[in-house]
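A quick write-up on the structure given underneath.
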């Protein structure tokens, strides 16, 4: 299964669509917040399911703050990261991942892409698609036996 992971598009719908185009075929698109309207537009025009969590700049109270999903044997926690104060370090994020029993934690908020392993969990931040900043996105590949993440420049 291939998942396109994006975050922090902040109204830059064209960059979000370009990330999808460059990613090639994907099974799901995951938007990690600060661009809920961009995610909704993608869901309307693309034939790919779009999963979304709210960021600190997404005012719709109906949006989930976090989601925990199962992709095969892989449990994935989706969060924007602001509630775990990721700009000050990843300790709270790792704790939330442990609490959720996650194999993978996907987060945004910092506008900096990262792939790292902490406490046995893969932590992935796809970076930002905000105007004026170098854009990036992540591809998360989940198989029966492993999970792999890679960051790509826009």
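Considering only residues in the stretch 32-75 that are in contact with a helix residue (DSSP H, G or I) (Cβ under 8 Å, 6 or more places away or on another chain) and assigned to a strand (DSSP E or B), the one that is nearest to residue 107 (Cα to Cα) turns out to be 66.
Taking the condition modelled with pLDDT of 95 or more, more than 15 Å from the chain's Cα centre (by Cα) and surrounded by fewer than 16 Cβ atoms within 10 Å (Cβ to Cβ), does residue 72 pass? So residue 72 fails the test. The strands (runs of 3 or more DSSP E) located wholly in the stretch 76-154 that include 1 or more residues which are over 28 Å from residue 11 (Cβ atoms) and in contact with a strand residue (DSSP E or B) (Cβ under 8 Å, 6 or more places away or on another chain) occupy 114-118, 121-125, 136-142, 147-153. Scanning the stretch 11-23 for residues that are within 15 Å of residue 153 (Cβ to Cβ) and surrounded by fewer than 17 Cβ atoms within 10 Å (Cβ to Cβ) yields 18, 21, 22. With respect to the conditions (1) part of a loop (DSSP other than H, G, I, E, B); (2) surrounded by 23 or more Cβ atoms within 10 Å (Cβ to Cβ); (3) in contact with a helix residue (DSSP H, G or I) (Cβ under 7 Å, 6 or more places away or on another chain), residue 29 lacks only one, and its number is (1).
Results for (1) without any contact (Cβ under 8 Å) to a residue 40 or more places away in the chain; (2) farther than 20 Å from residue 122 by Cα; (3) more than 16 Å from the chain's Cα centre (by Cα), shown as yes or no for each residue.
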| position | (1), (2), (3) |
| --- | --- |
| 23 | no, yes, no |
| 36 | yes, yes, no |
| 41 | yes, yes, yes |
| 59 | yes, yes, yes |
| 79 | no, no, no |
| 89 | yes, no, yes |
| 96 | yes, no, no |
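Of the conditions (1) within 16 Å of the chain's Cα centre (by Cα); (2) within 17 Å of residue 27 (Cα to Cα), residue 45 clears all except one; give me its number. Only one criterion is unmet by residue 45, namely (1).
Scan the stretch 47-64 residue by residue and report those that are out of contact with any strand residue (DSSP E or B) (no Cβ under 7 Å at 6 or more places or on another chain) and surrounded by 16 or more Cβ atoms within 10 Å (Cβ to Cβ). If the condition is that a residue be out of contact with any strand residue (DSSP E or B) (no Cβ under 7 Å at 6 or more places or on another chain) and surrounded by 16 or more Cβ atoms within 10 Å (Cβ to Cβ), then 54, 55, 58 are the ones that fit.
The values are calculated or read from the model by the stated rules, or taken from the named source; none is laboratory data. All figures in this text were calculated on a predicted structure; none of them were measured in a lab. Ideal geometry is used to build each Cβ from the backbone, glycine not excepted, and the neighbour counts take in all protein chains shown.
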